[in-house]
Each structure stands twice: as structure tokens, then as C-alpha cells.
């Protein structure tokens, strides 16, 4: 007969509030709003043991200012060192925008589910990003490129509002060298822009039309991230094209205060985004009320 | 389970034995405009302040294990660096004297989510670890629907549970500590006549429930009726004030704020209990709000309690204490909301 679960004995789970101390080792301005922060855990042992999967997130803390979740933008093969692409938009990120290298921050995690690129080997991959959605997608992109021979056709479709808001532009040439189809579209033109203007779904529709229907049905996985409004349009197109719902993966954004399934802020109906997500397959998304 | 009986007058001695530690129990706080006594849980120093015949406390007992505000850590800043100190607290033992079944079951449910999973909440665990719980049987009130939620009796989660019969207390003994505690008072095994009186008392109490919630197939109905217009009607009444969550014994969601002292030498991270009905509950940086409308937030509250938690733990998060309905400034009650959602099915 039990009166209390064993885990409420004193001393149980005292890691709840633990965060790794980390240093911002480099800051790269990407656009007017976003910067890429390279962050390294200070303790050598923790650095060696810090392992993540593409699509997972960390809680980044600026002590005294706040803590928020960010998807990791770098490849898991960079050990103990991670890159976060952050838009200066809230109190904490605007402060972060003003600090430079050498600043000490807190990192906890990695948390959540990942894009199962290991299960996609041998398949064609469609990566579709809208706006800041490229930040969580850069991790699976780099992971796939590092093991390029394990995958079939790889296409990246990326849409942004304006050419000046495109992220990681300096890397596109490198991505393309790995036999990757990279197509970029913007909502609004700017002087010097020679690419297409319009909706991301137009590019996707063209890509689907050009591909083999069998390949889409039988050996294609899709990875999607963008603003809330984008998911349904893009995922519906993919489903219509025959990509199975369980092979379409999305990364969802939600407010989080713990990352550990306790604050309840990221809850979608019956599910914690921090534990069961942020990466969900589209089958799960269809099963969750108000997910997208 | 072991049962004991003792004369009512012995309860004072039981209280006195426990008194070396902090005792929290139901006390009188005042009267409402109709002259009804208002009860709440508070620290009890004098046995005569303990009102075990209380109807229902306004607030749940959660401030003693999920404080409305709680320090998560403190920071010391020096030379561009910082040190973080975490005090999980909860070293002092706590005696709950007089929890009803609903509030004991609330703790059992919170244990599942807060102590379970990969990341047990250490703050809650510390508060829970040195808790001794004396439960007490209740008289069902018109707003109590615990029977519908299956929480009208507590099977575990207490040390001692008392049911008052004529002149005696009938005690369920669930822990060794409670067993030894009873050695301090005039206490004996119940006879068959007392067994019968105990079962009679249970049956009488069972017959007193008025409020009812039909929970059959509720998870399916909540999915089927996710777009039902009736949610909007409740949303229009809801004030989005979050009172329901504050009085709820199982609402555990929270927000976090960080502060820096004026001298920039120290900072702290503070957790405060929140409510999913508050406007910014699901808003993210950049301004997007996943639940901008009142009815989407109200619906989510029901969805989490009666759908999401059931999926995760095979039981509802709601214990049917009825406090939310009693405290709601807009007069929204769980039985009415669920009945209306069920009705829109037909």
C-alpha cells in the first residue's frame, strides 16, 4: 500500500532548475532583425556530454532578464557548441541583440523531439521554410548535407517577406555544392532581386509537378517550418501530392516557461509541445485540436 | 487497510501530539452576505480554531505546495559573470488536518504530472516530501460533483482519514506513522456494529450528492464539439480573470519573471501561478497569440482538464470540488458548461 510515490522522497530530481553556464563566443548579424549566436558550454565535461538531435530546442536564459526556448540552428556534429538564430523581438532578445561575444548565458536542454533524419535515409527530402522557420530547419539541412550520400534528391524551398530578410544567404552557395535544389521566393521585391516573387506554395506546386508522383508517394519525407498560417497551406499541398501524413514533419512554436512539461504554457489540447514536440509528424498535428 | 476507532474527545489529544509541527487546517474566515460561514485553509495553532465540520474552503490548499509566487533561483552578478543558486526549499514538515477527499485526490493527480515524466518538479517534490495528511469526511454541498469525477472518496494519498460517527471517529490508517500516532490516544479496533455504522454513514453521504456531470464519452464529445457555437456563448460570459484557476486545487500552470536588483548585484527568477484564461497565456514573442479569443481560452481549460489529462493519465484533472463555479464572477460552472456542450451534440 503506498501513501506517496517514491519520487517525492527528499532529494528526488533536483536537476529541475539546473542550467549549463555557457559563453557567447561569436555573434554574426544576419539581417536587420536576426543574429546568429555561437554559444559554447563553459564546463569541458558538460560540453563533451551535450548531445542534441536536429530540431531539438534549448532554453536560453539571460540571468535577471528572462528565459525562452530556441530551436538549435547548427548541426549536431558540432559538439558542445551550438548556434541559435534569434530575432530581436521581445524584451530578452532585444537585450541579447546588444550584448556581444563573451557574454555569459544559461542553457538548459536539449529538449523535445527531433526531425528523424536518421529514418529518412534513402529517401528524397523536401525542406520547406517560411521566414524565421529556416532557423530550426538549418540543423536538419546541415545534418543531411554532412551525410549527403545517404539521401536521394534534396530540395530546399524557402520563402521570406523581402530579399533583405533572407537568412543564411552566405551559405546558399555551399548548400548548392552538395547537389541540393534551393529555391527562394519573396513576397515583396527589392532593388537587385532577380528571383521569383510570390507565395511559397507556388514554388512548392511547381516542384511537386516536376517530381515523380511515385517518388512523392513512396520515398519522400518533408520537413516544414514557418509562420502559423503557412503550415496548413503547405502541408495540404504535400498531402494532395501524395506524401504520407506520417512522413511530413513540422516544428511548432509555442510559449514556454520551463521546457520540461510542467508550466503548461505550450500545451496544445492534450499534448505538451516541449515534450511531444516541437517536431510533430502531420498525422499527430491532424489529431491535435488547434495545433495549426 | 487498517481501521481504528476512538472517542471524539480524543481528537484534541491527536492534534496536540502533532502540534510540534506546522498544522494547516480549515478555519473560519468570516461570513458572506447571506450569513454563511466562509472557510479557508490556514495555519492552526489552537485546536478550537480547527473546524472539521467545514463545508468547503474558498481556496484549495495548494498555496502550501504550489505557492502563488515562488522563487526559482537567485543570481549573483560579478565581473560580467553570474552565479546561480537554487533553493528547492520545503524542509519544514507540514501536517494537513482535515482535507476532504477532493483535495486529497487533487494532490494525487498533481503528483502524476509534477512528479512524473523525465523532469520531476523538485520544488513541488520538496513541498510534498514531508507532508502528513489527516483526511476528514465531508457533507456534500449542492455544488459538489466529485462523485461524477470519481473523486468522492480517497483510496490513497493520506496517512489517516477520519469519518465522524455518533460519539466516535472511525479512522482509516494508511501509514506506519499514522499507526504509531494513534498509540498516543485512547484508540481500539472497531467492532462489527461500528463497521455497519461506518458503511451506513458512507451510504447516507452518497445519497446527498445533487450536482452531476455526465462524463461518459466526454473525451470524444469534446473532440466532436470542438467547434460548437456554445463555446462562444460561454466565452462571451467569461471575464478572462483567471479566478477559476486560482481557487482550483489542480491548476498548476505558471509563468516566470526575472528581476534584477537596483544595485545590479543580484537577480532572481520568480514563478507565479497563472491561468489559461488570461489573455496572454499562449502569446509568443512577436505578438502572435495562439488563443486570442476568450472562448478559445475557456474551451482550452475544459479541454485540458477533461480531455488532455485523461489521455495522458486515464483520469480527469478535475476533482469536482466546485470551487471554480462558486468563485466565478460570471457564474460559470463546470456542470453547466459540460451539459451544454453535451446537449449541442443532439
Contact order normalised by length for the range A:20-111, with contacts defined as Cα pairs under 8 Å and 6 or more residues apart; what percent is it?
39
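Return an integer: the convex hull volume of the alpha-carbon atoms of chain B, in Å³ per residue. Kindly include the intermediate steps, with their values, before the conclusion.
Values: hull volume 62.1 nm³, N = 346.
Per-residue hull volume (Cα only) is 179 Å³.
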The range B:1-132: spread of alpha-carbon positions along the three principal axes, whole Å, largest first, is 64, 43, 29
Cut-off 19 Å (backbone N to label point 7 Å along Cα→Cβ of residue B:139), residues of the range B:181-212
B:198-211
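Between residue A:104 and residue A:172, what length comes free when the chain is fully extended (0.36 nm per residue of separation minus the Cα-Cα distance, one decimal in nm)?
Details: separation 68, 0.36 × 68 = 24.48 nm, distance 3.07 nm.
This chain segment gains 21.4 nm when fully extended.
Shielding by partners for B:152-161, please: the mean number of other protein chain Cβ atoms within 10 Å of each residue's Cβ.
Other-chain Cβ atoms within 10 Å of each residue's Cβ, averaged: 1.
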Over the Cα atoms of the range B:46-100 the radius of gyration and the largest Cα-Cα distance (Dmax), both in Å, equal 18.3, 59
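Report the per residue volume, in Å³, of the convex hull enclosing the C-alpha atoms of the protein assembly as shown.
Working: hull volume 118.8 nm³, N = 638.
Enclosed volume per residue, from the Cα hull, is 186 Å³.
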Helix-only [θ]222 nm of chain A, DSSP H runs n ≥ 4, -39500 (n - 2.57) each, per residue, nearest 500
-6500 deg cm²/dmol
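Per residue, how big is the convex hull of chain A when only Cα atoms are used? Give it in Å³. Mind dumping the intermediate values first?
Numbers: hull volume 46.0 nm³, N = 292.
It comes to 157 Å³ per residue, whole-number rounded.
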Working from the alpha-carbon coordinates of the range A:20-111, get Rg over Rh, Rh being the Kirkwood radius.
0.93
Where both residues lie in the protein assembly as shown, what percent of DSSP beta bridges are antiparallel, nearest 5?
70
Label-point separation (nm) for residue B:21 and residue A:91, each offset 7 Å from Cα along Cα-to-Cβ?
3.8
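Using the Kirkwood radius built from alpha carbon pairs, what does the Stokes-Einstein equation give as D for the range A:148-292 at 37 °C and 0.692 mPa s, in µm² per second? Can you show the working numbers first?
Numbers: Rh = 16.8 Å.
This corresponds to a translational diffusion coefficient of 195 µm²/s.
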To make sure I understand, if each residue's beta carbon is the centre and we count other beta carbons within 10 Å, what order do A:59, A:33 fall in, fewest to most?
A:33, A:59
Treating only the Cα positions of the range A:11-51 as identical point scatterers, give the base-10 log of I(q)/I(0) from the Debye formula at each q in 0.21, 0.32, 0.34, 0.35 Å⁻¹.
-0.77, -1.03, -1.07, -1.09
Under a plain spin-label model, where a point goes 7 Å from the Cα along Cα-to-Cβ, how far apart in nm are residue A:245 and residue A:48?
4.7
Give me the three principal axis extents of the range A:53-173 from the C-alpha atoms, as integers in angstrom, largest value leading.
47, 32, 22
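Among DSSP beta bridges lying fully in the range B:1-125, give the percent that are antiparallel, nearest 5.
Working: 12 of 16 bridges.
Taking every DSSP beta bridge with both residues in the range B:1-125, the antiparallel ones total about 75 percent.
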Could you give the C-alpha radius of gyration of the range B:71-167 expressed as a fraction of 2.2 N^0.38 Å, taking N as the number of residues it contains?
1.49
For residue B:9 and residue B:270, extending 7 Å from Cα along the Cα-Cβ vector and measuring point to point gives, in nm, a value of 5.1
Compute the relative contact order of the range A:163-257 as a whole-number percentage, counting only Cα pairs closer than 8 Å that sit 6 or more residues apart in sequence.
21
One quarter of the convex hull surface, Cα atoms only: what value does that give for the range B:140-284 in nm²?
16.5
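Express as a percent, rounded to the nearest 5, the fraction of DSSP beta bridges in chain A (both residues included) that run antiparallel. Intermediate results must be reported in sequence, preceding the final value.
Values: 33 of 56 bridges.
Around 60 percent of the beta bridges assigned by DSSP in chain A are antiparallel ones.
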Distribution output for the range B:237-346: share of Cα-Cα pairs per 5 Å bin in percent, first bin at 0, values 2, 10, 17, 22, 18, 12, 7, 5, 3, 2, 1, 0, 0
In whole angstrom, how far apart do the alpha carbon centroids of the range A:152-196 and the range B:205-248 sit?
48
Taking Cα pairs closer than 8 Å and at least 6 residues apart, the relative contact order of chain A in percent is 17
Residues of the range B:104-123 with amide nitrogen under 19 Å from the 7 Å Cα-to-Cβ point of residue B:92?
B:123
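Read-outs: derived from the displayed coordinates by stated rules, not from any lab. Owing to the predicted nature of the structure, the values given are computational and were not obtained by experimental measurement. Glycine also receives a Cβ, built like all others from the backbone with ideal geometry; neighbour counts cover every protein chain displayed.
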